[in-house]
Amino acid sequence: MYTLTAEKVVEMGTATKSNEPLPGAIAPEPCLVVPAALPSHDTAAGSASPGTTASEQAMSTSLPDFLDGWLDAHAAEVIAARRHIHANPRLSRQEHDTAEYVAARLAEAGLEPQLIPDGTGLTCDIGSGDRVIAIRADMDALPIHDPKQVPYRSSVEGVCHACGHDAHTAILLGVGRVLHELERREGLPGRFRLVFQPSEEQFPSGAPTMIKYGALTDVDAIFAFHCDPQFQAGQIGVRNGPLTAACDVMEVRMQGRGGHTSRPHLTSDLVNAIGRVVVDVPALVNRRLDPRQSVAIVFGAVQAGEAANAIPQEALARATVRVHGRETWDMIPDLVQEVTRSVARASGVDCEIDYRRGVPPVVNDRAASAMFAGAAAAALGPDAVVEAPMSMGGEDFAYYLEQIPGAMARLGVGRPGERLDIHQGDFDIDEVALSHGVRVMVHTVLAAAQSPAF
Ligand SMILES: [Zn+2]
Ligand SMILES: [Zn+2]
C-alpha cells in the first residue's frame, strides 16, 4: 500500500499559499511508498537484488523513483501513442479508430477495456474494492487544417488535434499502464477507472453519454487534465472553485411592419430595436447581478435590413452568454430573456427568443484541487504549482463534477519563446509534458484513493 504523509499543503484558489491543512490534502514533500512487502532495507537503499529490475528496486523506495524507472522504459511509447493519435484525428462522435487504438494498447498491457455500445468511448477499471477514483480523457479532434511540418502531422485533411486531446488520451493510457504495473507488483489502495470519452468539442457532449453507460458508477472522485500552452511544460495550473465558464447561446428574432425611413413612427423600427438589444441587454443584465459574478453576454451576429432608406421587416441577433458560477448559471436564462423582452418592448417591438443551454461551468472541488497541487509539488517540485486563471471557455468535464467531486488541472505544454494557443492548427506541445502528466496524475489518484475527503 502507498502511504502519503500530510505535512504541508499547497492550497490553490487564491494567489497566496496557505499551510492550513485541508481534508485529504497531501504533502508536496517526497511521497514515500511503503510497499506491502518491502524486500529489504538493502533494496530500499538501492543495492540490487538478483533478479529484480531497476524499476522494481526503485518502486520499493518511493513512488517518484518508481515513476522515474517506468518513464525511462516507457516514455517513448507514451510519445508514440500521442503521435499516432495526432496523425489520425477523428471528429466528435467519430472516434471509433481512436477508441479501438486505446482499447488495443490497454488489452496488450493485460487490462480489460470496455467500449461503449457505439464504439466511440471506453472505460477500463484497474484494481479492486468499492472505492473508485476516475480519471478522464477526451479523444476528439477539431475541424481545422493542420499546417504543421512534423512527422506526426494530421493525415486527415481538415481535421486536427488542436486542443491537445491526443495528449490527454496518451497520458491516460500511460497512467493506466503505471497503475496496472503497481497493482501487479504490490496491489493498489482501491479501484481506478480510466474514462476515455468522445465528443468534448461538439454538442451533444460525450460526458453525459459516458455517464449514461456507467462511467461514474461507484466513483468517489474524478480528475482530468487539460493542456495549456500559456504554461510551460513542467508547470501545473491548479484552481479551487470555478475554472471554466458555462456557455449558453441566445438567438433573438424580431418581426414588424417595415417602411420608409422618413416615417419611422408608422413602422416598427427593428434596426433601432435590435441595436438597443445588442447594447442595452449586456449592460442591464449586469446591473441585476451581484458584481462578483462575472457574466459575459457578447453578440456575435446581427442581421437587419439592406437599403439605407428602408426599415426592414425582420431582424436577428445571436449572442453567447458565458457565466462562471453554478447559481448564476441556474438563474441566467430567465433573467436574460426577461431583460431582452423588456428592451424590445420599450422600442414597441415583440421578439422571439431561442435560448439554448450549453455545458455547465467546471467548478473544482476544494480538496481535489489541493490534492492536485500537493501531487504536482511532490512529483515535479513545489515551483511546478501555479495558479490557473479562470477561463471563459467551456468544458464538458463539468457534467461529471455535477455528480461527484473532482478537479481539472491545467497541464503546462508550452515551450520557451513560443506563443501558441489551442484551437489553432499549428498548436503543438512540448512532449516532455506527457511524462509530467503521467507523474502528476498517478500521484494525484493514489492520494485521492487514500483520502478521507471523498
Ligand atoms: Zn477544445
Ligand atoms: Zn479541449
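Would you point out which residue out of ALA224, ALA167, ALA207, ALA215 is away from ligand 2 (no atom under 16 Å from the Cβ), of a type outside the set (Ser, Thr, Tyr) and out of contact with any His (no Cβ under 6 Å at 6 or more places or on another chain)?
ALA215
Of all residues being among the hydroxyl-bearing types (Ser, Thr, Tyr) and within 16 Å of ligand 1 (Cβ to nearest atom) in segment 196-227, which is farthest from ALA137 (Cα to Cα)? Just the residue, please.
SER205
Starting from segment 152-175, take each residue that is on the phi > 0 side of the Ramachandran plot and list its partners that are among the acidic types (Asp, Glu) and within 16 Å of ligand 1 (Cβ to nearest atom), counting only C-beta distances under 9 angstrom and pairs at least six apart or across chains.
GLY158/ASP146; GLY164/ASP228
Among (1) farther than 30 Å from VAL277 by Cα; (2) within 16 Å of ligand 1 (Cβ to nearest atom); (3) surrounded by 21 or more Cβ atoms within 10 Å (Cβ to Cβ), where does GLN230 come up short?
Status for GLN230: all satisfied but (3).
Could you tell me whether segment 168-190 includes any residue that is buried (at least 24 other Cβ atoms within 10 Å of the Cβ) and over 21 Å from LEU67 (Cα atoms)?
No, segment 168-190 contains no residue that is buried (at least 24 other Cβ atoms within 10 Å of the Cβ) and over 21 Å from LEU67 (Cα atoms).
Would it be correct to say that PHE397 is within 16 Å of ligand 1 (Cβ to nearest atom) and over 25 Å from ILE211 (Cβ atoms)?
no
Consider only pairs whose beta carbons are under 9 Å apart and that are at least six residues apart or on different chains; among these, list those whose first residue lies in segment 307-318 and is in contact (Cβ under 8 Å) with a residue 40 or more places away in the chain and more than 27 Å from MET250 (Cα to Cα) and whose second residue is of a type outside the set (D, E, K, R) and surrounded by fewer than 14 Cβ atoms within 10 Å (Cβ to Cβ).
Once the first residue is in contact (Cβ under 8 Å) with a residue 40 or more places away in the chain and more than 27 Å from MET250 (Cα to Cα) and sits in segment 307-318, its partners that are of a type outside the set (D, E, K, R) and surrounded by fewer than 14 Cβ atoms within 10 Å (Cβ to Cβ) give ASN309/HIS260; ASN309/SER262.
Take GLN230 and tell me if it is within 16 Å of ligand 2 (Cβ to nearest atom) and among the polar types (S, T, N, Q).
Yes; evaluated as a whole, the condition is true for this residue.
Residue check: is GLY417 within 16 Å of ligand 1 (Cβ to nearest atom), among the small types (Gly, Ala, Ser), under 30 Å from ARG83 (Cβ atoms) and not assigned by TED's automatic domain parsing to the domain that holds ILE332?
Answer is no for this residue.
Assess whether PRO204 counts as being surrounded by fewer than 24 Cβ atoms within 10 Å (Cβ to Cβ), within 19 Å of the chain's Cα centre (by Cα) and free of Cβ contacts under 8 Å to residues at least 24 places away in the same chain.
So PRO204 fits the description; yes.
Could you check segment 183-195 and list, in sequence order, the residues that are under 17 Å from the mean Cα position of the chain (by Cα) and either of a type in the set (Lys, Arg) or within 14 Å of ligand 2 (Cβ to nearest atom) (or both)?
Selection gives ARG193 alone.
Report whether or not GLY394 is touching an Asp or Glu at 6+ places or on another chain (Cβ under 6 Å) and in contact (Cβ under 8 Å) with a residue 12 or more places away in the chain.
In short, no.
Condition (residue is under 23 Å from PRO143 (Cα atoms), assigned by TED's automatic domain parsing to the domain that holds PHE192 and among the hydrophobic types (A, V, I, L, M, F, W, C)) applied to segment 433-454: is it met by at least one residue?
No, segment 433-454 contains no residue that is under 23 Å from PRO143 (Cα atoms), assigned by TED's automatic domain parsing to the domain that holds PHE192 and among the hydrophobic types (A, V, I, L, M, F, W, C).
The values are calculated or read from the model by the stated rules, or taken from the named source; none is laboratory data. What you are looking at is a predicted structure, and each value in this text was computed from that prediction instead of being measured. Quick reminder, even Gly has a Cβ in these numbers, built from the backbone with ideal geometry, and neighbours come from all protein chains shown.
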